[in-house]
Amino acid sequence: GITTATSVLVRNPTTSQISEQPISYITGVAKFIRNTNQGTINAGTTVLFNTSSNNTISNYVALNTSTGVITLQPGTYELNGSVGALGASAGSNGDCRIYPVFHNGSAYVGTGGVSETGPAGNWNGMPQNNANYIITVPVGQTAQLTLKAAIVNNVATLSETGDFGAIGDAGRAWVVVRKYN
């Protein structure tokens, strides 16, 4: 039978030691969205989130709205993100795809998705492309990540609103960060 997990195995990237840590969320999450258009979306483009719609863990997670860089303080985090697709021409929405993946400055990390029927990273359950990543930042260090378009198909711009809901729900592009114990 399947039971509810109460702990998670965490690997320290510095020592390679694995330890069991209890699962518990700090009260609150960080939610970032893009609430204005962003043009010229090609492979390798960083999504520039420009709004913190909610960030009750701001002591641990910060967003640079000019560069799109998300800075994480020491701890274990789960990041989920999405980039919706808006067609390069009218009527092409069905053929539009953006494959978003988190990027650590030198390489893509985590997983990305191109299926619009896939999970939405638990923002509000809407079917959008997803990019997921779990990271443990060691004590005394920080980590910086962005959400980049790894692959783009028939997309001209990111719009602030579109076929998956208004900005109050998810916007056209978003990231949710949860911090574990």
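The values are calculated or read from the model by the stated rules, or taken from the named source; none is laboratory data. All values reported here derive from a predicted model rather than from experimental measurement. Note that each Cβ is placed from the backbone with ideal geometry, even for glycine, and that neighbours are counted across all protein chains shown. The area values use the complete protein model at the heavy-atom level, side chains included, leaving out ligands, DNA and RNA. Shrake-Rupley method; radii C 1.70, N 1.55, O 1.52, S 1.80 Å.
Of the residues ILE41, ILE134, the one with the largest accessible area comes first in the ranking ILE134, ILE41, computed with a 1.4 Å probe on protein heavy atoms.
Amide hydrogen proximity for THR51: with H placed 1.01 Å from N in the peptide plane, the residues at 5 or more positions away or on another chain lying under 5 Å are ILE33, ASN35. Label sites at THR56 and GLN141, each approximated as a point 7 angstrom past Cα along Cα to Cβ, lie 3.0 nm apart. The label-point distance for THR111 and GLN73, in a model that sets each label 7 Å from Cα toward Cβ, rounds to 3.1 nm. Under 14 Å from the Cβ of VAL10, count the other residues' Cβ atoms, weight Lys and Arg +1, Asp and Glu -1, and hand me the total. Summing Lys and Arg as +1 and Asp and Glu as -1 gives 0. Between THR46 and SER66, the distance separating the two model label sites (each 7 Å from Cα on the Cα→Cβ line) works out to 1.1 nm.
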